[in-house]
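The values are calculated or read from the model by the stated rules, or taken from the named source; none is laboratory data. Computed from a predicted model, the values in this text were never measured in an experiment. FYI the Cβ positions are ideal-geometry reconstructions off the backbone, even for glycines, and counts take in every protein chain you see.
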Amino acid sequence: MKQQWLKLAARIEALSLRERLMACGAAAAMIVFLLYTMMIEPALAREKSLKAVISQQRQQMAANDMELAQRQAVAQVDPDQGSKNRLAKLKVENEAMRTALRTMQKGLVAPEKIGHMLEQMLQGGKLKLVSLKTLPPRGMSDGRFAEPESGAAPVLNDTQRVANNLLQPAAAPANAAGAAAAPPGATPVPAPAKQEELLYRHGVQLVLQGSYLDMVNYMEALEHMPSQLFWGKATLEAEDYPKARLTLTLYTLSLDTKWMAL
């Protein structure tokens, strides 16, 4: 081994300075190449791989954050919000309708006073009160003043038209629901619950006997009263001339079913 080193040293000594420099450069390059191949290149490869893994994990984390944000946004949305908004709007409309009806009711004859008022208007007159009876109160959700069996359309005054216009929107949903026909073979849809009445019609029927002129004067007095009454029906029987019999049906409105005792 020592001899081999001596031979190698002798060969190096035999080389010129230029050849020695070239040999040293080649040896240094070989050492650098070996170090790069065995140590630096694997380290760089590991670093590149780690960077790729880190980048992939960051992208995955960003995707997870986005999905989490979307799920949180969906969780905060109330699926019933549309129905709640509609219900709140209907409540506001209902209260506005009740307020308008209360305002209109102030100009009407109170149900508990109508009988006494009609009798009082006959005092001092020539008409005879044959009978006076109350009619059962009826809800006005259908917006109609006429009795269901009435054939001809009634002539409405301004207050009656206002009441009908206020009540018409409340009756519309029920009418629309009834108009929709179920397809053949479909499961019957249960009828919706009866809606709460907003307004009640209270009626009285009085029968008067006397002359035609006195009846006309009495009806004109009813028409010009400060408190409003609604006309329902008037039937005149003149079999025993000059005496006639007039059957009048009059109405007033209220927000409840409370009725007067005659």
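Structure values in brief
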item: Subset tally (residues that are in a loop (DSSP other than H, G, I, E, B) and more than 15 Å from Y218 (Cβ to Cβ)) for region 92-142; result: 7
item: Residue within region 173-188 that is in the same structural domain as L122 (by TED's automatic domain parsing), at pLDDT 55 or above and assigned to a loop (DSSP other than H, G, I, E, B) present; result: no
item: Entirely in region 1-91, the helices (runs of 4 or more DSSP H) that have 1 or more residues that are surrounded by fewer than 10 Cβ atoms within 10 Å (Cβ to Cβ) and at positive phi; result: none
